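Contents: one structure, followed by commentary.
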Amino acid sequence: MLTAVAVSGYRSLRDVVVPLHGLDVVTGANGSGKSSLYRSLRLLAGCGRGDVIGTLAREGGLQSALWAGPATLGGARDRGHAVQGTRRKGPISLQLGFASDDFGYLVDLGLPQQASGVDAGSASAFLRDPEIKREVVWSGPVMRPGSVLVRRRWGVVETRATSGSDDDWDAGWGGSEGEDESEWESDPVEAPGSRTGSRAAYRDPAPSGGPGARSAGGSRRGRPGWTELTRSLRPWESMLTELADPERAPELLRVRRMMRGWRFYDGFRADAGAPARTPQVGTRTPVLADDGRDLAAALQTIREQGDRALDHAVADAFDGAILDSTVEGGRFDVALHQPGMLRPLSGAELSDGTLRYLLLVAALLTPDPPPLMVLNEPETSLHPQLLPPLARLIRAAAERSQVMVVSHSRALVDELGVVDLDDDDDQDDTRVGLGSPARGITLAKDLGETFVQGQGLLTTPAWSWGTRR
Ligand SMILES: Nc1ncnc2c1ncn2[C@@H]1O[C@H](COP(=O)(O)OP(=O)(O)OP(=O)(O)O)[C@@H](O)[C@H]1O
Ligand SMILES: [Mg+2]
């Protein structure tokens, strides 16, 4: 289970760590950053699918996704002054990460340094494409030098050597790992005129590190205690997709598997041409597609599992209606028998709200529950009367999967029985995990920056981004 999501430098999320408990309900005023949080999780999932750069490009590119305010707001906040641009000390960077019960992962994206020197002549239309500067996988809740399992800087990926230096495995900050810490410190990327942050860094990623001796099997012996998996991972590739290998990097494989299992459902289309309204060739469908095109097959799959919850969810919402499906020439369509109707209604005939509710039913009753399901504003176009049955479905799904719901609807939040995080006096039920009570996470904005309401030093999950060097 994910225990925290951390985002830095993405839209209004300048620096946020959101704790997760099992069933988390994210609310907040318009513009407070809910959708940004949702999208940052999708971006993170993009790393597991090898598509993070593409996902970012489709959002308008890194430049537009980067936090548009100053690097720190402390000065403006203390003095009550207007926000002023200051000289940026750190690198331009969009960082995303999560902590879970067993692993943590973070990715650090940045812009390529303007080509200079030998690079200047290499013309490419993709020179402004963001690059993955750094990725880290660690064990346990917080990244510390001693807990890092696999790390990537530029094109170099190293995994902790399994032989020889096991003594260092659990070392904390300092000690024998002190040397490590400085290696990852201070960013050369933004140093004017420096070539180390350019694409050259990918070709020659460790100018000071000296050549490593290549061992048999293609991997080099890197720094003491580390084994090099590659020196030539390309800027747009994630180590999760390129290097996950049961032999050499089983941790990457586990992290990638988990991230690939995450499911996102966001504003199903319900217009006349919506994929869910058109009969589709169907096969057994344990997982509803994110655009809902295989709705009828997904509902039929649930029914054939003998799950009575489907009939209950439909009858519960539509006055005793009965859901069926029709198959014509291999194409599946839904058929909703409603009281008072002489014939069942097909997908094309359902109202927007009815269709969206059925889509949510299919997503939430999946026979193949994912590790994490994220629903963005599921209440969209549902009549308030449908919110109690929807809340029951979400709560039932949260018994089998971790669920995050982004919602605007006070009624849905109430129906979910949300316990507010900032309710300090109400600490009697602090259970976390599957089936635990719904927790509310309220986002708010201050000087353009999103923060989690009621979050203090003690309630902010421990998180460390580390540095690029
Ligand atoms: N690059 C950026 N830097 C800083 N802030 C940004 C950037 N891009 C967008 N924003 C701001 O981030 C805020 C959060 O937007 P977001 O879409 O996440 O809000 P929301 O909580 O989903 O709102 P709504 O309830 O209206 O859907 C908006 O106020 C937007 O102006
Ligand atoms: Mg939104």
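The values are calculated or read from the model by the stated rules, or taken from the named source; none is laboratory data. Since this is a predicted model, take the numbers as computed values, not measurements. We place every Cβ from the backbone using ideal geometry, glycine too, and count neighbours over all the protein chains shown.
General observations
- Filtered residues of the stretch 38-72 (kept if in contact (Cβ under 8 Å) with a residue 12 or more places away in the chain and near ligand 1 (Cβ under 7 Å from one of its atoms)): Ala65, Leu66, Trp67, Ala68, Gly69
- For the stretch 446-468, filtering for residues that are surrounded by 15 or more Cβ atoms within 10 Å (Cβ to Cβ) and either at negative phi or not in a loop (DSSP other than H, G, I, E, B) (or both) leaves 13.
- Filter pass, Gly347 being in contact (Cβ under 8 Å) with a residue 12 or more places away in the chain, exposed (fewer than 15 other Cβ atoms within 10 Å of the Cβ) and not aliphatic (A, V, I, L, M): no
- Test: residue in the stretch 354-370 that is within 16 Å of ligand 2 (Cβ to nearest atom) and either surrounded by 19 or more Cβ atoms within 10 Å (Cβ to Cβ) or over 19 Å from the mean Cα position of the chain (by Cα) (or both): no
- Sole residue being touching a residue at least 60 places away in the same chain (Cβ under 8 Å) and outside any helix (DSSP H, G or I), chosen from Asp319, Asp333, Asp307: Asp307
- Of the residues screened, Arg14 is one that is within 9 Å of ligand 1 (Cβ to nearest atom), assigned to a strand (DSSP E or B) and of a type outside the set (A, V, I, L, M, F, W, C).
- Residue tally, condition modelled with pLDDT under 85 and surrounded by 14 or more Cβ atoms within 10 Å (Cβ to Cβ), over the stretch 222-250: 2
- Taken over the stretch 390-400, the criterion of being more than 15 Å from Arg410 (Cα to Cα) and either more than 23 Å from the chain's Cα centre (by Cα) or surrounded by fewer than 20 Cβ atoms within 10 Å (Cβ to Cβ) (or both) is satisfied by Arg392, Arg395, Ala396, Glu399, Arg400.
- Among residues of the stretch 371-387 that are on the phi > 0 side of the Ramachandran plot, those with a beta-carbon under 6 Å from a residue that is away from ligand 1 (no atom under 16 Å from the Cβ) at least six positions away or on a different chain give the pairs Ser381/Asp352; Ser381/Gly353; Ser381/Arg356.
- Residues of the stretch 13-29 classified as over 13 Å from Asp446 (Cα atoms) and within 15 Å of ligand 2 (Cβ to nearest atom), total: 3
- The numbered conditions (1) among the aliphatic types (A, V, I, L, M); (2) surrounded by 17 or more Cβ atoms within 10 Å (Cβ to Cβ); (3) outside any helix (DSSP H, G or I) are all true for Leu434 except (2).
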